[in-house]
Amino acid sequence: MIFWAIWRRLYGEGKFKKYVNRTLQSIIAVVVLSLQLSWGQDISTLLISVPVSVWVVIEYWSRSIGEIIDAGLNHHQTKESYNRWFRVPLDWIYKKLHKTPYVGFYDFWYSLIRYAIGAAPLLYYSWLAIFLMPFQYFIYLGCHKLFYRFPDLYDSTVLKYITLNEPKNVAEIIHGALFGLIIGLI
């Protein structure tokens, strides 16, 4: 859990990329996840865990989330803000429901689809992987709301020192910890 919390924060932080590039960070994540998924099992489990881990690192972690991290708080987003294929069916559904896309709970549905696609192979190991799909939206939203309600909390010297002075940064730690907890339970 602690590994994934720290790893997620480092993976999301631009200034650490000059020390350890994204490719090496991804390889480390694939190795750790593969070992966690196959720990104490036979070699065939390891052979399955490697492609699953590659998929999860590429689709769950490496896909940018961009502007959806504001959890619907930005009302000036356009379809260019949502540059993944699953925007198309989601836009179609919104049109059929006569709803305005790219505002409010659109970010929830977009985030749900985005993380569900990335976490789906983990369902092979346990139904607990379902918990990796819906919560990111609420983690980012909660951190944003906390930031706007208590900005002094994020201005503390300690949080600035460890680069947790933005809602996104705190959300990354929580998101990584949740992922680590679920993987640990699997």
**Request:** Between ARG84 and LEU181, with labels modelled 7 Å along Cα→Cβ, what's the label distance in nm to one decimal, could you check?
**Result:** 2.2 nm
**Complete:** For region 137-145, in residue order, the Karplus 3J(HN,Hα) values (coefficients 6.51, -1.76, 1.60; θ = phi - 60°; whole Hz; Gly and Pro = x) are 4, 6, 5, 5, 4, x, 5, 5, 4
**Residue-by-residue Karplus 3J(HN,Hα) for region 101-110, coefficients 6.51, -1.76, 1.60, Hz, glycine and proline x** = x, 6, 9, x, 6, 4, 4, 4, 5, 4
**Complete:** By the mean-Cβ-within-10 Å protection proxy, highest first, 95-102, 38-45 rank as 95-102, 38-45
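A short reminder: the numbers here are calculations on the coordinates, not readings from a lab. All values reported here derive from a predicted model rather than from experimental measurement. Virtual Cβ from ideal backbone geometry, glycine too; neighbours counted across all protein chains shown.
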